[in-house]
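Read through the structure below, which is laid out as structure tokens, and then see the notes.
The values are calculated or read from the model by the stated rules, or taken from the named source; none is laboratory data. None of these values were measured; they are calculated from a predicted model. Cβ: placed from backbone, ideal geometry, glycine included. Neighbour counts: every protein chain shown.
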Amino acid sequence: MPKFVLIGLCEPLAEEHQAAFDEWFIEQHIEDTTNCPNFVRGRVFKLAGPHLNLETHSAYLSLYEVEAPTYEEAERVLNEWQSDINAWKGRKRHLETGEKFGSIPMKIKGSGWYEELKSFEGPAAVSEPS
């Protein structure tokens, strides 16, 4: 089955929203989204520094690995999942946290589905014993 990654570039609305962003996005949203049926893994990263002094576009990167026949199907399943308050035991709490802050406490600077074309393991990859 084809593999896709959904990438999100985001950050808090402002410095004073950091705690809300951490509670809603880092502590709940990543796990909530990763519980979507066709999601394999979800991760979030904080920018540690630029590469080659190039421009950076976001302080945070979310990365979800998904198996689906097409990105359109992955998007459909995700949208249905996110609209179901009973999708998993933590879903209601996640929605309540968003309501507590009055809005989603982040700005999205970019997002998109990317289809995996090739994958390589580097020398530091951990292999499982045979």
| said: Taking the condition of being touching a residue at least 40 places away in the same chain (Cβ under 8 Å) and either surrounded by fewer than 19 Cβ atoms within 10 Å (Cβ to Cβ) or more than 11 Å from the chain's Cα centre (by Cα) (or both), how many residues in region 6-32 meet it? | reply: 11
| task | Hey, could you check region 88-122 for residues that are over 26 Å from Phe4 (Cα atoms), in contact with a Phe, Trp or Tyr (Cβ under 7 Å, 6 or more places away or on another chain) and not in a loop (DSSP other than H, G, I, E, B) and say which is modelled with the highest pLDDT? | result | Thr97
| task | Can you tell me which residue among Ala48, Ala59 is surrounded by fewer than 17 Cβ atoms within 10 Å (Cβ to Cβ) and within 15 Å of the chain's Cα centre (by Cα)? | result | Ala59
| So is Ala125 more than 21 Å from Glu11 (Cβ to Cβ), among the hydrophobic types (A, V, I, L, M, F, W, C), in a loop (DSSP other than H, G, I, E, B) and in contact with a Cys (Cβ under 9 Å, 6 or more places away or on another chain) or not? | no
| note | Scanning region 26-76 for residues that are in contact with a helix residue (DSSP H, G or I) (Cβ under 6 Å, 6 or more places away or on another chain) and part of a helix (DSSP H, G or I), the one farthest from Gly112 (Cα to Cα) turns out to be Gln28
